[in-house]
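The structure appears right after this line, and notes come after that.
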Amino acid sequence: MSSIRAIKIGTHNGHFHCDEIFACFLLKTLPRYADAEIIRSRDPKVLAECDTVVDVGGIFNAEQKRFDHHQKTFTETFNSLQPDKPWTIRLSSAGLIYVHFGREIVAELLKKENIEDGVRDHLTDILFDKLYETFVLEIDAIDNGVDIGENMK
């Protein structure tokens, strides 16, 4: 009998912030993360055991599933990771997760609706941009100390 290890999402302990809470929420909307355990620690040994780490650890590497934005050298924006997108606010951990998983998350949520595939694909593209522009962008701005204004990009 083989035991299947639960997926672990690591984030920092102590005070929690909107960006890592939303990052964890976004991940848990995906079927492969739905039953994931959230581990709150700053211990590198504990975080090394996690499958995905957000907002802690000092590493941004999407291939390794490490999504921290606190490094002095971190300058990523939505536009720098997806040049066809206009947004240039520095990303928080929520923004990083959204850039890398957001389209899949929106598509997954739309699967629950009775929508034709072609229409669903088109809606996914529209909602992916709109959700970032009207919600996640503000989380990125707040987390990075950027004043939120009408012309924010």
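No lab work stands behind these numbers, since they all come straight from the coordinates. What you see is a predicted model, and the numbers here were worked out from it, not measured in a lab. Cβ placement follows ideal geometry from the backbone for every residue including glycine, while neighbour counts extend to all protein chains displayed.
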What nm distance separates the two modelled labels at Asp84 and Lys72, each placed 7 Å from Cα along Cα→Cβ? 3.7 nm
Out of Leu26, Val136, Gly58 - ranked by how far each Cα lies towards the positive end of the dipole of the chain, with unit charges on the beta-carbon of charged residues - the top one is Gly58
Reported label for calculated semi-axes √(5λ) of the Cα gyration tensor in Å given (1) 21, 20, 15; (2) 25, 23, 12; (3) 30, 16, 14: (2)
Label His15 and Ala34 with points 7 Å out from Cα along Cα→Cβ: what is the distance between them in nm? 3.6 nm
Relative contact order of the chain (C-alpha contacts under 8 Å, at least 6 apart) in percent is 22 percent
With +1 on the Cβ of every Lys and Arg and -1 on the Cβ of every Asp and Glu, the dipole magnitude of the chain about its Cα centre, in debye rounded to the nearest 20, is 520 debye
Inter-label distance, nm, simple model (7 Å from Cα along the C-beta direction), Arg42/Asp117: 4.9 nm
Placing unit charges on C-beta atoms (Lys and Arg positive, Asp and Glu negative, everything else neutral), compute the dipole magnitude of segment 1-79 about its Cα centre in debye, rounded to 20. 140 debye
What is the count of Lys pairs in the chain whose alpha carbons sit under 21 Å apart, if the two are 8 or more places apart or on different chains? 13
Using 1/(1 + (r/R0)^6) with R0 = 30 angstrom and r between the beta carbons of Ala107 and Ile4, what's the FRET efficiency to the nearest 0.05? 0.75
Protection-proxy order for peptides 112-122, 92-102, each taking the mean of Cβ atoms within 10 Å per residue, highest first: 92-102, 112-122
